[in-house]
Amino acid sequence: MMYVSTRGTAPKLTFEEAMMTGLARDGGLYVPEEIPTLSTDQIAAMAGASYEDVAFTVMKPFIGETFTDHEFRNLIDTAYAGFNHAARAPLKQLDNNHFLLELFHGPTLAFKDFAMQLIGQMFQASLTRSGNRITIVGATSGDTGSAAIEAFRGLSNVDVFILYPHGRVSEVQRRQMTTPTESNVHALALDGDFDDCQAALKDMFNDFDFRDGVNLAGVNSINWGRVLAQVVYFFTSAVAVGAPLRPVSFTVPTGNFGDIFAGYIAKRMGLPVDKLVIATNQNDILHRTLETGAQVKEGVTPSISPSMDIQVSSNFERALFEANGRDGATVAEQMADLKDKGAFTISQGAIEMLRETFASGRASEDETFHAITSELTRSGELLCPHSAVGVHVADAHQSATPMITLATAHPAKFPAAVEKATGLHPPLPPHMADLYERDERVTQVPNDLAALQTLIKERIKQ
Ligand SMILES: *Cc1c(COP(=O)(O)O)cnc(C)c1O
């Protein structure tokens, strides 16, 4: 199994190389050369199996020779051992035909742990074998950063730098990033928004001297290893509500399009997925893209669902690559237009293909608050604001097909919004109960590439 770039000119890589690299050298994202499929019997056999069993079956065809079966199975088991729910991704019922997939039982209380815990294990195994030392730089709207720090803290052959937008993450998110004491962890508060953080990161990857000089590795949601790990829970949850015998739809609170793209891969692998519904907050570029056939960037307006406050949705490039018939040159032109002119258009054929698979909707701030309040009455479930965006949009897309909405974070990560909506203050779980008492350690940095690069080079010398 080899991986190709969505922009068509970077070299083909193995799974291990694609995972360790992150961004392709032509600026594109790696995708599998072919998408493997599972038979109906293989999917049916997932009923009643453990999360780890399903994870092995789903991911194995993608990893090639990178790990032996025995090694891979051990990495999976270790990755999910720290979750505090035996099912890992339990399913709750909200209403007739509407289910909630709780993805917040990992160590940092957001779905990012599913991918990050596993790639932490896979990176470590690969680095132990090669003896290499790497510098991980990540950009975060809040949850990727804490999940990455949790996965890589204390490892001897890794430095991890996390760029987050200063003043634009929740206090719990910030404290999760600034309170770890390990010296290989570096929290950087950037003067700018999440798109600025992501742009700085992309510029570092495109500066090959710097990239090779520090052995830069990326664990942002563009990393194929992360997308892959997220494919698994689409299978476990769909099978729990009747797949492969009946189709299932999903609603996914969406920012960088990584999570929902994993759902698309599940569908291509043979899972009977009817619709994949993109749920956005007021930063609704993806909803507008699907409606109009043009992607037009606007400013980011901070919301109560900060992990989705984004205008440049990196993984959308992967869907575009498929919709364009895997024509990397067209994708490269569209991405250049987005960077230079803030907009690009999608061909008629490609937008029709996208609309066959994806639907979309948005939730305003008021609608998000209202969804938190009314879900507490309807089912007793306390939603985080991101999951509430999902539930609001899913309710508008109900049909005879079962709908599974992804709950992407624990309500205790966003206590202010939840309390405002319900009067309830969701408590942090015991392992994080003293978060507010721990000392914070963070460096405020300007939105300036050269300054950032200097700081990183100095820190890794120590
Ligand atoms: C990251 C995140 C999202 C968005 O996921 P993408 O894969 O970027 O689309 C939604 N909700 C929460 C809580 C997140 O942390």
Problem set entry | All positions within the range 19-46 that are of a type in the set (A, V, I, L, M) and within 21 Å of F234 (Cβ to Cβ) | M19, L29, V31, I35, L38, I43, A44, A45, M46
Exercise. Does any residue of the range 170-184 turn out to be within 28 Å of P32 (Cα to Cα), touching a Phe, Trp or Tyr at 6+ places or on another chain (Cβ under 9 Å) and crowded, with 23+ Cβ neighbours inside 10 Å?
Worked result: no
For this session: Go through (1) touching a residue at least 40 places away in the same chain (Cβ under 8 Å); (2) within 16 Å of the ligand (Cβ to nearest atom); (3) within 25 Å of H386 (Cα to Cα); (4) outside any strand (DSSP E or B) one by one and return the number of the condition K202 breaks.
Result: (3)
Exercise. If F234 satisfies every condition in (1) touching a helix residue (DSSP H, G or I) at 6+ places or on another chain (Cβ under 6 Å); (2) within 22 Å of S5 (Cβ to Cβ); (3) within 14 Å of the ligand (Cβ to nearest atom) but one, which is the exception?
Worked result: (2)
Exercise. Taking the condition within 16 Å of the ligand (Cβ to nearest atom) and out of contact with any Asp or Glu (no Cβ under 6 Å at 6 or more places or on another chain), does P402 pass?
Worked result: no
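Table: residues versus (1) surrounded by fewer than 17 Cβ atoms within 10 Å (Cβ to Cβ); (2) in contact with a Phe, Trp or Tyr (Cβ under 8 Å, 6 or more places away or on another chain); (3) farther than 23 Å from P385 by Cβ.
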{"residue": "T408", "(1), (2), (3)": "no, yes, no"}
{"residue": "F414", "(1), (2), (3)": "no, no, no"}
{"residue": "G423", "(1), (2), (3)": "yes, no, no"}
{"residue": "A433", "(1), (2), (3)": "yes, no, no"}
{"residue": "E437", "(1), (2), (3)": "yes, no, yes"}
{"residue": "R441", "(1), (2), (3)": "yes, no, yes"}
{"residue": "Q444", "(1), (2), (3)": "yes, no, yes"}
{"residue": "N447", "(1), (2), (3)": "no, no, yes"}
For this session: Answer yes if at least one residue in the range 136-148 is closer than 22 Å to Y51 by Cα, more than 10 Å from the ligand (Cβ to nearest atom) and either among the basic types (K, R) or buried (at least 21 other Cβ atoms within 10 Å of the Cβ) (or both), and no otherwise.
Result: yes
Seminar exercise, completed: Within the range 46-99, residues under 21 Å from the mean Cα position of the chain (by Cα), part of a helix (DSSP H, G or I) and hydrophobic (A, V, I, L, M, F, W, C) come out as V54, A55, F56, V58, M59, F62, L75, I76, A79, A81
Exercise. Which members of the range 164-178 meet the condition of being over 20 Å from F104 (Cα atoms) and either outside any loop (DSSP other than H, G, I, E, B) or over 20 Å from the mean Cα position of the chain (by Cα) (or both)?
Worked result: Y164, P165, H166, G167, T178
Exercise. Conditions: (1) over 19 Å from the mean Cα position of the chain (by Cα); (2) part of a helix (DSSP H, G or I); (3) of a type outside the set (S, T, N, Q). R326 meets all but one. Number of the miss?
Worked result: (2)
Seminar exercise, completed: Of the residues in the range 221-273, those that are assigned to a loop (DSSP other than H, G, I, E, B) and surrounded by 23 or more Cβ atoms within 10 Å (Cβ to Cβ) come to S221, I222, N223, A243, T254, G255, N256, F257, L271
Exercise. In this structure, does D337 turn out to be surrounded by 19 or more Cβ atoms within 10 Å (Cβ to Cβ), farther than 13 Å from V418 by Cα and modelled with pLDDT of 95 or more?
Worked result: no
Problem set entry | Given (1) crowded, with 24+ Cβ neighbours inside 10 Å; (2) more than 16 Å from the ligand (Cβ to nearest atom), index of the condition M116 fails | (2)
Exercise. What pairs come up if the first residue lies in the range 337-363 and is closer than 28 Å to T405 by Cα, the second is of a type in the set (D, E), and their beta carbons are under 6 Å apart, counting only those six or more places apart or on different chains?
Worked result: R362/D284
Problem set entry | Every pair of residues 6+ apart whose Cβ atoms lie under 7 Å, when the first sits in the range 247-259 and is touching a residue at least 40 places away in the same chain (Cβ under 8 Å) while the second is assigned to a loop (DSSP other than H, G, I, E, B) and near the ligand (Cβ under 6 Å from one of its atoms) | P253/T408; N256/S221; G258/S221
Exercise. For the range 291-305, does any single residue satisfy the condition of being in contact (Cβ under 8 Å) with a residue 60 or more places away in the chain and in a helix (DSSP H, G or I)?
Worked result: yes
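The values are calculated or read from the model by the stated rules, or taken from the named source; none is laboratory data. These numbers were taken from a predicted model, which means no experiment stands behind them. A quick note on method: Cβ atoms are made from the backbone with ideal geometry, for glycine too, and the neighbour counts reach across all protein chains shown.
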